[in-house]
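*Asks:* Just dropping this structure here.
The values are calculated or read from the model by the stated rules, or taken from the named source; none is laboratory data. Note that the structure is predicted; figures quoted are calculated from it, not measured. Cβ: placed from backbone, ideal geometry, glycine included. Neighbour counts: every protein chain shown. SASA here: full protein model, heavy atoms, side chains in, ligands and nucleic acids out. Shrake-Rupley method; radii C 1.70, N 1.55, O 1.52, S 1.80 Å.
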Amino acid sequence: MKATFPHMGNVYLAVKALLDGLGIDYVIPPKNNKTALDIGSLHSPEEICLPYKIMIGNYVQAVEQGADTIIFVGSCGPCRLGEYCELQINLMKKLGYNLNFIVIDYPKDIGIKELFKRINEISGVSNKKAHEKLNALLNAIQVINLIDKIEEMAHMYAGYERNKGECKSLLNKCKNEAMQSKTPIEMIKILKNYQQKLKYISIDINKNPITIAIIGEIYTVIEPYSNFYIEEKLMDYGISSRRGLSPSWWVRNAALSPLKINSYKIRKNAKKYLSIPIGGHAVECIGEAVTASNEGFDGAIQIFPMGCMPEIVSKSILPTISKDLDFPVMSLVVDDMTGEAGYITRIEAFIDLLERRREDVLSRC
Amino acid sequence: MFYLGVDVGSVSTDLVLLDNNMKVAEKIYLRTKGNPIKAIQDGFKLLKDKFDGSDIAAAGTTGSGRMIASSIIGADAVKNEITAHATAALEIDQDVRTIIEIGGQDSKIIVLNNGIVSDFAMNTVCAAGTGSFLDRQAERLDIPIEKFGDYALKARTSVRIAGRCAVFAESDMIHKQQLGYNQSEIIRGLCDALVRNYLNNIAKGKTIQPKVLFQGGVAANIGMKKAFENALGFEIYVPEHFNMMGAIGAAIIAKKTSEKVGKTNFRGFELANNNIMSRSFECEGCSNKCEVVKIHENNSIIGYFGDRCGKWGSNSTKSANDLLA
């Protein structure tokens, strides 16, 4: 078995650590790029959302490198992601690839037995002992927590750094080095090392940078290629940003959801505007907009793929929040047809707007 | 001293020179024709005879081609169109609350509150209602685009045209022509449809309050102005230099920036005769495969942009500084 999986932000580092630990052969598809999207757009239905197209590109590129098994997460939630696995299995078959799909899903949807059966399909290939397998899983969780933490720090410190571009270059170096690591232990060591480095970069706490919260659909906010590297752009502009949704958040959220103690703050803050889950991460989007406003952020940018149902609903709720809390929110829709020029214009204009607002408030008091 | 503003848009390239009182001393309107470098050079050729490079105290660029324009002319400020338009409108009138801007390929709404931008929106995927579409319809009906508005005013009634999509609008227009409606009624119907489309798409969820400024190339079309007034129920204003507002805004912003820095990066008008070329290539450094644009001037390289990592000396950090200016 040669496993592969679609990209989503830094998930590849965790999966690499996991499969390295289990001793399973794998292929990491090339990082998302134009070729992947072109392949995906060619084979996918025109109207399907952007993540689907990029994932198809990932699969094809990985298969070219010898992969034969695709590991993917499904969900029976009321959003198109729930259909992805079935559609993609069909599509890849039609394209003439003979692949084995292993779809990991919530136990409440497929039953705990089925979940274990599927997990066993992966871990059964490994000839490691049970405790080593458990160890590999724990290491992978540690990796995803670490890299998410590092990213969060880099995005936040970018507004305060004294040496322009330091956060961005450290973050990129960190990802590259982690990718080169041979064992999970080595990767964790590298990540911890960079976490320390980031902790001690020279920052100017007297700076008062513009702060922006990134909210919206989980794939497009996490996967930088799909959102035209918005977080890197904000780092270039010297803006501190925060994104609530991350792979480690997802893991925590999924683990805690049976007990209904997941993301309490988000749900509490969203309640006034959107009290029931409507699929996708709409409640999170609304809750985070309110949270960001309460915590003194200057504004929020919502990103979602064209045709994303849950986010369309939240997009129409956001202006009310914006008015109630006097909190600017801009929505950006991404698609394989999105032109980068107009996209950047909007981001720049939004930053100008936030700056002018701040100057105006200062001049009035 | 003069302040130069350059707005490189999808359809037109506008150059404007402002004097010390921020009044327009010279304006040039050129078609970009897909070649921004040549358009800028043509503009500079015209300016070169009347003005000297040393008269220019600051230069700013805006529009979708602002990056390339900036590296060619040596701009002090590179600004997005939205901020540029708002700056220019506020220079004319401090009381403006809403700006309707319809250009060659995009249309925008900018909402201002107490003289600062409080909200804005741009068209996303559809070009119905923008200058290019009107241009095409004028051509198809064999009416000069300048006369388009006058035809609309002549009509007593308006024919309802489906305005949601440029393709459907066109086929609907053809259909109405075949039914025998007269030309001016169809044109008026088209203006109404485009206004409806604008208000339902771009201005959706935004409150349009007077005073409203209507700018961008389409503001020349008196039929569109009238249609907006009918739909909104109050008068809207078209500023004198409606099609130059982006460039004027860029010049004003450049003035502020260079006053702060105390010098200008402007490279002079002589580059009009230089041999400037741009080449793009796909960087093979990593799997990001950025499309990098390289600009040559007389066999020497004057700038790169489009790379994310900074390997090619992307001037993203430079624009970031401008942004905070």
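*Asks:* Give the residues of region B:1-39 that are among the small types (G, A, S), assigned to a loop (DSSP other than H, G, I, E, B) and in contact (Cβ under 8 Å) with a residue 40 or more places away in the chain, sorted by residue number.
*Replies:* Listed by number, the residues that qualify are B:G9, B:S10.
*Asks:* Any residue at all in region A:262-275 that is within 30 Å of B:G115 (Cβ to Cβ), buried (at least 16 other Cβ atoms within 10 Å of the Cβ) and either of a type in the set (D, E) or modelled with pLDDT of 90 or more (or both)?
*Replies:* Looking for residues that are within 30 Å of B:G115 (Cβ to Cβ), buried (at least 16 other Cβ atoms within 10 Å of the Cβ) and either of a type in the set (D, E) or modelled with pLDDT of 90 or more (or both), one finds none in region A:262-275, hence no.
*Asks:* Of the numbered conditions (1) modelled with pLDDT of 85 or more; (2) farther than 30 Å from A:R357 by Cβ; (3) not aromatic (F, W, Y), B:S132 satisfies every one except a single condition; which is it?
*Replies:* (1)
*Asks:* Does A:K164 fit the bill of being touching a Gly at 6+ places or on another chain (Cβ under 8 Å), open to solvent by 30 Å² or more (accessible area, probe 1.4 Å), outside the structural domain of A:I222 (by TED's automatic domain parsing) and closer than 30 Å to A:D298 by Cα?
*Replies:* yes
*Asks:* Can you find even one residue in region A:78-86 that is at pLDDT 90 or above and either open to solvent by 30 Å² or more (accessible area, probe 1.4 Å) or not assigned by TED's automatic domain parsing to the domain that holds A:P247 (or both)?
*Replies:* The answer is no; no qualifying residue exists.
*Asks:* Please go through region A:299-322 and give me each residue that is modelled with pLDDT under 90, open to solvent by 20 Å² or more (accessible area, probe 1.4 Å) and away from every other protein chain (no Cβ under 11 Å), ordered by number.
*Replies:* Correct list: A:G307, A:M309.
*Asks:* For region B:99-110, does any single residue satisfy the condition of being under 14 Å from the mean Cα position of the chain (by Cα), facing chain A (nearest Cβ under 9 Å) and within 15 Å of B:T257 (Cβ to Cβ)?
*Replies:* no
*Asks:* Let me ask something additional. Given the options A:K233, A:K260, A:K268, A:K207, name the one that is within 17 Å of A:N172 (Cα to Cα) and basic (K, R).
*Replies:* A:K233
*Asks:* Quick check on this structure: which one of B:P210, B:P239 is farther than 21 Å from B:R160 by Cα, surrounded by fewer than 23 Cβ atoms within 10 Å (Cβ to Cβ) and under 18 Å from the mean Cα position of the chain (by Cα)?
*Replies:* Going through B:P210, B:P239 in turn, just one is farther than 21 Å from B:R160 by Cα, surrounded by fewer than 23 Cβ atoms within 10 Å (Cβ to Cβ) and under 18 Å from the mean Cα position of the chain (by Cα): B:P239.
*Asks:* Being at the interface with chain B (Cβ under 8 Å from one of its Cβ atoms) and part of a helix (DSSP H, G or I) is the filter; apply it to region A:323-349 and report the residue that is most open to solvent (accessible area, probe 1.4 Å).
*Replies:* Here the residue is A:A341.
*Asks:* Of all the residues that make up region B:80-127, how many are under 21 Å from B:Y29 (Cβ atoms), surrounded by fewer than 20 Cβ atoms within 10 Å (Cβ to Cβ) and in contact with a helix residue (DSSP H, G or I) (Cβ under 7 Å, 6 or more places away or on another chain)?
*Replies:* 3
*Asks:* Filter region A:88-105 down to residues that are open to solvent by 50 Å² or more (accessible area, probe 1.4 Å) and either in contact with a Pro (Cβ under 9 Å, 6 or more places away or on another chain) or charged (D, E, K, R) (or both) and give me whichever is farthest from A:A254 (Cα to Cα).
*Replies:* Looking at the filtered set, the residue picked out is A:K94.
*Asks:* Next question, about the same structure. Residues of region B:278-295 being under 26 Å from the mean Cα position of the chain (by Cα) and either farther than 17 Å from B:G74 by Cα or not aliphatic (A, V, I, L, M) (or both), which ones?
*Replies:* B:S278, B:R279, B:S280, B:E291, B:V292, B:K294, listed by residue number.
*Asks:* Right, another one. Determine whether B:K260 is part of a loop (DSSP other than H, G, I, E, B) and open to solvent by 60 Å² or more (accessible area, probe 1.4 Å).
*Replies:* So B:K260 does not fit the description; no.
*Asks:* Condition first: among the hydrophobic types (A, V, I, L, M, F, W, C), in contact with a Ser or Thr (Cβ under 8 Å, 6 or more places away or on another chain) and over 14 Å from B:A84 (Cα atoms). Now tell me which residues in region B:1-28 satisfy that.
*Replies:* B:V11
*Asks:* Filter region B:146-190 for residues that are open to solvent by less than 60 Å² (accessible area, probe 1.4 Å), closer than 15 Å to B:I222 by Cα and within 23 Å of the chain's Cα centre (by Cα) and give the result.
*Replies:* Residues satisfying the conditions are B:F148, B:G149, B:L190.
*Asks:* In region A:211-230, what residues are crowded, with 22+ Cβ neighbours inside 10 Å and closer than 16 Å to A:L354 by Cβ?
*Replies:* A:I212, A:A213, A:I214, A:I215, A:I230
*Asks:* Would you mind finding the one in A:G280, A:G296 that is open to solvent by 30 Å² or more (accessible area, probe 1.4 Å), under 11 Å from A:G216 (Cα atoms) and of a type outside the set (F, W, Y)?
*Replies:* Criteria check complete, one pass: A:G280.
*Asks:* Could you list, in sequence order, the residues of region A:282-309 that are under 18 Å from A:C49 (Cβ atoms) and in contact with a strand residue (DSSP E or B) (Cβ under 8 Å, 6 or more places away or on another chain)?
*Replies:* Hits for region A:282-309 are A:E284, A:C285, A:Q302, A:I303, A:F304, A:P305, A:M306.
*Asks:* Then there's this: Would you check if there is a residue in region A:212-222 being assigned to a helix (DSSP H, G or I) and without any contact (Cβ under 8 Å) to a residue 40 or more places away in the chain?
*Replies:* no
*Asks:* On the basis of being within 14 Å of chain B (Cβ to nearest Cβ), open to solvent by less than 60 Å² (accessible area, probe 1.4 Å) and part of a helix (DSSP H, G or I), does A:L234 make the cut?
*Replies:* Answer is yes for this residue.
*Asks:* Which of the helices (runs of 4 or more DSSP H) contained wholly in region B:73-170 include at least 2 residues that are assigned by TED's automatic domain parsing to the domain that holds B:A231 and of a type in the set (G, A, S)?
*Replies:* B:131-141, B:148-154
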